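The values are calculated or read from the model by the stated rules, or taken from the named source; none is laboratory data. Quick caveat, the model's predicted, so the values are computed rather than measured. Cβ placement follows ideal geometry from the backbone for every residue including glycine, while neighbour counts extend to all protein chains displayed.
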Amino acid sequence: MGGADNQQILDEAYRASSDAAVKRAILRGMMTSGDRTRLLSLAKTETSTDLRAEAIQQLAVMRASTELTELYQAEQSVDMKKRFSKGSLSAGTPRPWSTWRAPRRTSN
C-alpha cells in the first residue's frame, strides 16, 4: 500500500501536530497505508484518550488482531477496555477479549 517514505512522512506530521483533527486524519491515513507498526506504537504512547481510541479503531478496521490483543492485555483502564469492544464490533473484527466484563462493583 503506502511506501515507507509516505509512512515516515505521516509519522513525522503526526508528531509535529498539536491539532487533534489533523492527528485523527493522519491515523486514518496510517490505516489506509497499512502501517500497523506505527498505529500500534501510537496506541501505546498517545496521551490523548480519544486519539488512542482512534488508533485502536484503525487497527480494528485493519483486522490487526495480534496488535489489538497485545494492546488489550496491557491496558489498565476499564474505559479503554470498553472502547476495544465498541471499536472491534463496529469494524467486525474477531475479538479475543469478547468475554471480558467490567468488574462488578460491590456495595458496602
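Here's a check for you: in segment 7-23, which residue that is buried (at least 18 other Cβ atoms within 10 Å of the Cβ) and at pLDDT 95 or above is nearest to the chain's Cα centre (by Cα)? Here the answer is K23. Take segment 63-93 and flag every residue that is among the hydrophobic types (A, V, I, L, M, F, W, C), surrounded by fewer than 19 Cβ atoms within 10 Å (Cβ to Cβ) and at pLDDT 85 or above. The one that is among the hydrophobic types (A, V, I, L, M, F, W, C), surrounded by fewer than 19 Cβ atoms within 10 Å (Cβ to Cβ) and at pLDDT 85 or above: A74. What is the residue count in segment 61-86 for residues that are more than 19 Å from Y14 (Cβ to Cβ) and either of a type in the set (D, E) or assigned to a helix (DSSP H, G or I) (or both)? Qualifying residue count for the region: 18.
Criterion first (more than 30 Å from I9 (Cα to Cα), surrounded by fewer than 14 Cβ atoms within 10 Å (Cβ to Cβ) and at pLDDT below 75) does R104 satisfy it? Yes: the conditions hold for R104.
Number of residues in segment 67-83 that are under 17 Å from L51 (Cα atoms) and polar (S, T, N, Q) equals 2.
Test T32 against the criterion of being closer than 14 Å to Q57 by Cα and within 15 Å of the chain's Cα centre (by Cα), and give yes or no. Lay out the reasoning, then the answer.
Numbers: closer than 14 Å to Q57 by Cα: yes; within 15 Å of the chain's Cα centre (by Cα): yes.
So T32 fits the description; yes.
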